[in-house]
Amino acid sequence: MRKTSLIIALFSLLVLEGVALELLPGNLLNLSIIIIPHWILVFLIMLSFFYEEKNPQDFIIYAIIFGLLVDIVYTNTLGVYMFAYGLALYTATLLKRILQENVVMTIFTTIIAIVLAEAVISGIYTVLGITSVYWMDNLTLRLIPTIIANIVFLLVIYPIVKIILIRLKNL
């Protein structure tokens, strides 16, 4: 039951990522910035912090599977998000071992994971010739707005999800 509810939550976030930008005010969308919702990655980081599994690699497997689903649903290149999410969550689980489980450390870990995922995604797309963006433009127009938007999402869901995950863990 617990794994089923987590998978349903991840599928819901996969669907909501597609309509996330439609929920923003119109004047934000007219700017030249690019906001990429990484809600699945943010939720998986919260899972790794507050929901202890017998096998912590299960969350990395979830990241790889749902990264592949993001590739299938939203991109034309398979494997990019799968690799980026798997690597980012692996790094987050390593950081979890040395950090405390509180909101500040969750935000810190989320920022590092998003930066790593975005660097991997941009790097692979550049190597494949799909995109060629100057790194400073990528930083100011994509990375910083993406980090801010995903941290706002984390702060909105943090109190609710933390309570739910702790209750699920104690069942």
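The criterion of at least 1 residues that are in contact (Cβ under 8 Å) with a residue 24 or more places away in the chain is met by the following helices (runs of 4 or more DSSP H) wholly inside the range 80-149: 80-98, 103-128. Considering (1) farther than 20 Å from L10 by Cα; (2) buried (at least 18 other Cβ atoms within 10 Å of the Cβ); (3) under 13 Å from the mean Cα position of the chain (by Cα), the lone condition that I148 does not fulfil carries the number (2). Within the range 99-133, the set of residues being at pLDDT below 90, surrounded by 15 or more Cβ atoms within 10 Å (Cβ to Cβ) and polar (S, T, N, Q) comprises just one member, S122. Residue selection: Y158 satisfies the criterion of being under 24 Å from L6 (Cα atoms) and either aromatic (F, W, Y) or in a helix (DSSP H, G or I) (or both). Of all residues in the range 134-145, none satisfies being surrounded by 18 or more Cβ atoms within 10 Å (Cβ to Cβ), modelled with pLDDT of 90 or more, closer than 23 Å to L13 by Cβ and under 15 Å from the mean Cα position of the chain (by Cα). Can G79 be described as modelled with pLDDT of 90 or more and at positive phi? Judged against the criteria, G79 is a match.
The values are calculated or read from the model by the stated rules, or taken from the named source; none is laboratory data. These figures come from a predicted structure and were not determined experimentally. Don't worry about glycine lacking a Cβ; one is built from the backbone with ideal geometry, like all the others, and counts go over all protein chains shown.
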